[in-house]
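Right, one structure below, let's go through it.
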Amino acid sequence: MNLVLRLEEVKPRHRRGVGGKGFALAALKRHGLPVPTTLIVTTRAYEEFVGLTGLRGRILLELRRKPFQELRWEEIWDLALRLRHLFLTTPLPPGLEARLHDALGPHLPARCVVRSSAPGEDSRRASFAGLHASFVNVAGLQAVLEHLKLVWASLWSDGALLYRRELGLDVRTSAMAAVIQEMVAGDRSGVAFGLNPQDPSQAVIEAVYGLNQGLVDGTVEPDRWLLDRATGRIVDYRAAPKGEVLLPGREGVRLAELAPEKREVPPLSEAEVDQIFRLLRRLEEIFGTPQDVEWTWQEGRLVVLQSRPISTPPPGGEGDRRSWYLSLRRSFGNLTALRRKVEEELLPAMDREARELASHSLAELDTASLREEILRRGRLYRQWKKVYWEDFIPLAHGVRLFGQLYTDAVKPRDPYEFLDLLGAAGMLALRRNRLLLEMAARVRERPELLEEVRRGQVKDPGLEPLWRAFMGEFGDLACGANTCGLTSGGLAHLLEEMARRPVQAERFDPREVEALKGQFLSRFRGGKREEMAQYLELARASYRLRDDDNLYLGRIGAQFLRALEEYRRRGGDLKELAPEVQELWAELTATPAEQPGGVAITGLGRLKTRQLIGQPASPGVARGPARVVLRPEGLFQFRAGEILVCDALDPGMTLVVPLAAAIVERRGGMLIHGSIIAREYGIPCVTGVPDATRRIHTGDALTVDGYLGIVILG
Amino acid sequence: MTEAVEVKRILTELFASQRLAVLATLAAEEPRRPYANLIAFAATADLKEIVFATTRATRKFANLAAEPRVALIVDNRSNRETDFGEAAAVTILGTAAEVLGPERERYQAIFLARHPYLRDFVTAPTCALLRVRVEKYILVTRFQEVHEVIPAP
């Protein structure tokens, strides 16, 4: 099979090699339907690329780092990001590049759309939209080849990895073809479904002004028609508020204001709606099943951009959150609105709530009222937790969006280099740690002040303002959601340890972060630079909130626990409280179990772990004794130079990080608190280590390799 | 605990699927350098011993007479790039001794059950049957995940 085929050259035997989209376009062309000029880069090019460069083996190594069923959604996202980074930074072998040049060059349209065309995506089993990448308005052979690699990489996208079983994704056999189409800049565009998944008696047409990329990625809301599938009669029409339009930019696309006279006018006339309906019927005749089609209207001519069988993500069983995970991939506009809501409404409201709860004097309540109060606080916590999932977690996607843009533009060696620009320094947890370190500096000069801290009566004029600021802002949540009892003794211990060693400074000061930002933005000109700056701003906000929201939630949780402690102080029995209170108590105070070192294997002997693999989350290498922290109280036994080993570090617990030589965490991901703060202090970190707190024990000699993501015991 | 079960399963599967192992010994004569061979092996059902055979005139036999401590490697690689993610390899540390007297028949049966085609070789008067008492297994999976198993005596 050739590396590149024109539509006219596609034969039935090429079905797999040209992928679903390519094969469907060839069929449309054969049936005389108007389709853009199209070239297909067959799966052979993909196979040569991953074979000749050794990428296939590297993909496999990444995939085998950890059993799939143990990966969290965030780790799957990280995995997809690392794989994408591999494709992006691996050059095309010169021979392959020259042959692609020769095959594409003479036929290449001036402006192209580069679309994924996965084998099997024309079968209903393995097809649903949104898993693989497409790029609009790509100009020039070099850019087309770059985007070709990104299309290839999307074979391993987060969505594809989530549905790997349904897709039959396998490093040995899976491959990706790409469709390179002439860019048709229609004045109106949209999608149409031959069959409405919600009502099989209907067909659906959605249309926007401009390019349909805006519709597909959710930036521009479409007008929507529901039609009777049998007759084509319009049974419902819903106009969307129209203000913006997506147009081709110098490269890629840009969002522009829609001309005022078009805002009240549907993008399609009824006659045009009917024409699209007839197209749907024709497509169904050709392919034998109802189709999901992308079309555009160019100078009075209806052009078919792509056609595929209608599909939806396969229904999962109970507890299948995959479609929710996929819904986290949100657009810039959506995230910007969400950010405003979080920063301007939700966080201030949480702050007020926590302050209000803290100001109550629980001692004055009689026991019946105290029980009521506990119940109320538990419900408040639950309510905020729901907000956390619905509004805070999705906001994290802002970091991902920026990460992708940065990596595409800079192609850094480290796929997480973009995190350096995010300026974690503004986070609450770092502000808290700075206060601790400043207090420690004072204690280093005058060790006798520790006694004042220990007694909880600080008088020293150098220490007192710091101490008061710390207690005021962080005293009730120094350990996050858990009741850790930040005692005066605990604080004194921390300060003593911190005073013992030189101050662990943060890696970048704000000026340096700004310099990095300037360097990055200088790569772009004009409107593009402005756009990148906005993405970075959004990412910074998402990044900060990612840590801060936990601290806010922790403060409310702490107030629930404070009321419970008052109840227990009076001799109240936990078991007499409402089941929901008991559940929340268990949830907030649960700790993973610790196991003795070495595990018996029936009939054989003892198993010991020598080396564990996780994810490299912050570079560097460190050696030292392990300190396994299972309960927040454990933080106050932490000694300088130890390696922090934990199950899931929450921002409340990161106050010992300036003392730690490295961090090892069971929970995986690059955007978890352990990774963020380790990078900030420049200490090695490995996350996603299965059973870390069970296989590693306090006192074990550890070597943490943050370059490779390895932890060595003994 | 799952990984304990898993480790035992991987060892059992490796020994059931692989016929050959690499044996490392230490040369008997100066300069006393490491020496490696491919050998046909069998493991006992309790995974505590490894059995192999060699003629007494071989260099490895001489090496073992002087230094019975050995290392072996058994792995299931297929010589493809996918090995780095998929293959498992176990390093076996132990002490070898020739099996003599009444025990020989039992160990010979274990060896021949795995390698029936080596009957003439094993029963030749010049062939020695050796068993290695395993002191430690070091199992490597997924390229660099490493577990150690110390068999109970």
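The values are calculated or read from the model by the stated rules, or taken from the named source; none is laboratory data. All of these numbers come straight from a predicted model, not from anything done at the bench. As a convention, Cβ positions derive from the backbone with ideal geometry for all residues, glycine included, and neighbour counts pool all protein chains shown.
Data for the structure
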item: Some residue of segment A:388-397 being small (Gly, Ala, Ser) and surrounded by fewer than 16 Cβ atoms within 10 Å (Cβ to Cβ); result: no
item: Residue within segment A:610-625 that is buried (at least 18 other Cβ atoms within 10 Å of the Cβ), free of Cβ contacts under 8 Å to residues at least 24 places away in the same chain and on the phi < 0 side of the Ramachandran plot present; result: no
item: Residue selected from segment A:239-274 under the condition among the β-branched types (Val, Ile, Thr) and in contact (Cβ under 8 Å) with a residue 24 or more places away in the chain, by the criterion surrounded by the most Cβ atoms within 10 Å (Cβ to Cβ); result: A:Val245
item: Unmet criterion (only one of (1) in a helix (DSSP H, G or I); (2) farther than 16 Å from A:Glu182 by Cβ) for A:Pro106; result: (2)
item: Residue check for A:Ser201: over 28 Å from the mean Cα position of the chain (by Cα) and within 15 Å of A:Glu284 (Cα to Cα); result: yes
item: Any pair with Cβ under 8 angstrom, 6 or more apart, that starts in segment B:6-30 at a residue that is farther than 30 Å from B:Ala66 by Cβ and at pLDDT below 95 and ends at one that is buried (at least 16 other Cβ atoms within 10 Å of the Cβ) and not hydrophobic (A, V, I, L, M, F, W, C); result: B:Val7/B:His147; B:Ile10/B:Thr141
item: Unmet criterion (only one of (1) at pLDDT 90 or above; (2) more than 25 Å from A:Ala678 (Cβ to Cβ)) for A:Glu438; result: (2)
item: Residue within segment B:98-118 that is part of a strand (DSSP E or B), within 17 Å of the chain's Cα centre (by Cα) and hydrophobic (A, V, I, L, M, F, W, C) present; result: no
item: Subset of segment A:363-418 (residues that are hydrophobic (A, V, I, L, M, F, W, C) and under 17 Å from A:Ser675 (Cβ atoms)); result: A:Ile393, A:Ala396, A:Val399, A:Phe402, A:Phe418
item: Residue identified as surrounded by 15 or more Cβ atoms within 10 Å (Cβ to Cβ) and at pLDDT 85 or above among A:Arg164, A:Arg65, A:Arg82; result: A:Arg82
item: Those strands (runs of 3 or more DSSP E) lying entirely in segment B:1-87 with at least 1 residues surrounded by fewer than 17 Cβ atoms within 10 Å (Cβ to Cβ) and of a type in the set (Gly, Ala, Ser); result: B:34-43
item: Check on A:Asp217, among the acidic types (Asp, Glu) and touching a residue at least 60 places away in the same chain (Cβ under 8 Å); result: yes
item: Count of residues meeting criterion [of a type in the set (Gly, Ala, Ser) and at the interface with chain B (Cβ under 7 Å from one of its Cβ atoms)] in segment A:601-618; result: 2
item: Cross-chain or 6+ apart pairs with Cβ under 8 Å, segment A:519-545 first and over 21 Å from A:Leu338 (Cβ atoms) and not assigned by TED's automatic domain parsing to the domain that holds A:Gly252, then of a type in the set (Ser, Thr, Tyr) and in a helix (DSSP H, G or I); result: A:Phe520/A:Tyr406
item: Test: B:Arg131 is within 24 Å of B:Lys8 (Cβ to Cβ) and in a helix (DSSP H, G or I); result: no
item: Selection within segment B:68-87 - within 15 Å of the chain's Cα centre (by Cα) and over 24 Å from B:Leu26 (Cβ atoms); result: B:Asn76
item: Qualifying residue in segment A:552-570 (condition: in contact with a Pro (Cβ under 8 Å, 6 or more places away or on another chain) and outside the structural domain of A:Ile677 (by TED's automatic domain parsing)); result: yes
item: Members of segment A:515-550 that are hydroxyl-bearing (Ser, Thr, Tyr) and farther than 15 Å from A:Ile672 by Cα; result: A:Ser522, A:Tyr535
item: Restricting segment B:129-142 to residues that are touching a Lys or Arg at 6+ places or on another chain (Cβ under 9 Å) and surrounded by fewer than 18 Cβ atoms within 10 Å (Cβ to Cβ), the residue that is nearest to the other protein chains (Cβ to nearest Cβ); result: B:Glu135
item: Elements of type helices (runs of 4 or more DSSP H) in segment A:374-483, at least 2 residues being of a type in the set (Lys, Arg); result: A:428-445, A:449-455
item: Criterion (part of a strand (DSSP E or B) and surrounded by fewer than 20 Cβ atoms within 10 Å (Cβ to Cβ)) met by exactly one of A:Val191, A:Val235, A:Val179, A:Val208; result: A:Val235
item: Residue within segment B:90-101 that is at pLDDT 95 or above and under 14 Å from B:Thr141 (Cβ atoms) present; result: yes
item: Of all residues in segment B:95-128 being of a type in the set (A, V, I, L, M), surrounded by fewer than 17 Cβ atoms within 10 Å (Cβ to Cβ) and under 24 Å from B:Leu26 (Cβ atoms), the one that is nearest to the other protein chains (Cβ to nearest Cβ); result: B:Ala97
item: Residue that is nearest to A:Gly603 (Cα to Cα), among those in segment B:16-48 that are within 12 Å of another protein chain (Cβ to nearest Cβ) and touching a strand residue (DSSP E or B) at 6+ places or on another chain (Cβ under 6 Å); result: B:Lys48
item: Meets criteria (aliphatic (A, V, I, L, M), within 14 Å of chain A (Cβ to nearest Cβ) and within 18 Å of the chain's Cα centre (by Cα)) for B:Ala65; result: no
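Condition check ((1) at pLDDT 90 or above; (2) surrounded by 20 or more Cβ atoms within 10 Å (Cβ to Cβ); (3) in contact with a Cys (Cβ under 7 Å, 6 or more places away or on another chain); (4) farther than 16 Å from A:Leu326 by Cβ) across all residues:
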position	(1), (2), (3), (4)
A:Arg111	yes, no, no, yes
A:Ser117	yes, yes, no, yes
A:Asp122	no, yes, no, yes
A:Arg125	no, no, no, yes
A:His132	no, yes, no, no
A:Val138	yes, yes, yes, yes
A:Leu141	yes, no, no, yes
A:Glu146	yes, no, no, yes
